[in-house]
Amino acid sequence: MDGAQALSDLTEISSQIQAAIVLDADGSTLATTVDEQRGPEFAQAVQELLAAVTRASGDEGGTLAQAEIATGDGSVFLVRDEQRTIAATTGREPTVGLVFYDLKSCLRGFSEPKPKPRPRARKPKVDEQGDAAA
Amino acid sequence: MPRHKAVAGAALVAGSLAGLVALRRRSARRRDRVDVYFEDGSMVSLADGAPEASTVLPLARRILETTRN
């Protein structure tokens, strides 16, 4: 799926999500909902946030899968898979489970290959010899 | 006498407003937290004021500010 289309679908489905960005494993931006002017700053801040959350929870020993950082102004969500990270912002007191679900679905959309077109069924060959004999 | 009543009324209103502001600030601060979920299903919650959360929360506020301006 096209990255911009996936994020467009995400913001359409989830009215709670205000802005979102998808980063590759090397930190490059795959898609974002914010304009070109603020995109690089958004990407940089998300990378710093991801590093800070990983550091903050480092003693726990597990691999970070997702996080919600809630503030009085709103929340920032992070969801990771093997290759990508998606980050999104919401207003105050969002429906946490729903936002995580939508973000995971969006991230899966980036991972899944495009469906191949189904091969057409061949027309059965007409037996010319049989027809000629008859 | 009416002047005393007006002053008392104003003090009461000012006190109520100050209390309301303090209460809202306190409840907003209580909302600030970092919830981290791991692949193994475990989860840790870092409250505002915890040393681990002190670097995370300002970054989240910066992101919210960046995306809204």
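Each residue in region A:1-56 was checked for being among the hydroxyl-bearing types (S, T, Y) and assigned to a helix (DSSP H, G or I), and 3 pass. The number of residues in region A:55-95 that are facing chain B (nearest Cβ under 9 Å), over 30 Å from B:A22 (Cα atoms) and surrounded by fewer than 17 Cβ atoms within 10 Å (Cβ to Cβ) comes to 7.
Residues in region B:30-59 that are of a type in the set (S, T, Y), in a loop (DSSP other than H, G, I, E, B) and within 7 Å of another protein chain (Cβ to nearest Cβ): B:S42, B:T55.
Residues in region A:86-134 that are acidic (D, E) and at pLDDT below 70 were compared, and the one that is farthest from B:N69 (Cα to Cα) is A:D131.
Applying the set (1) at pLDDT 90 or above; (2) surrounded by 11 or more Cβ atoms within 10 Å (Cβ to Cβ); (3) not in a helix (DSSP H, G or I) to B:R62 leaves exactly one unmet item: (3). Of the residues making up region A:45-58, at least one is more than 21 Å from B:E39 (Cβ to Cβ) and at pLDDT 90 or above.
The values are calculated or read from the model by the stated rules, or taken from the named source; none is laboratory data. Since this is a predicted model, take the numbers as computed values, not measurements. So basically every Cβ, Gly included, is an ideal-geometry build from the backbone, and we count neighbours across all protein chains shown.
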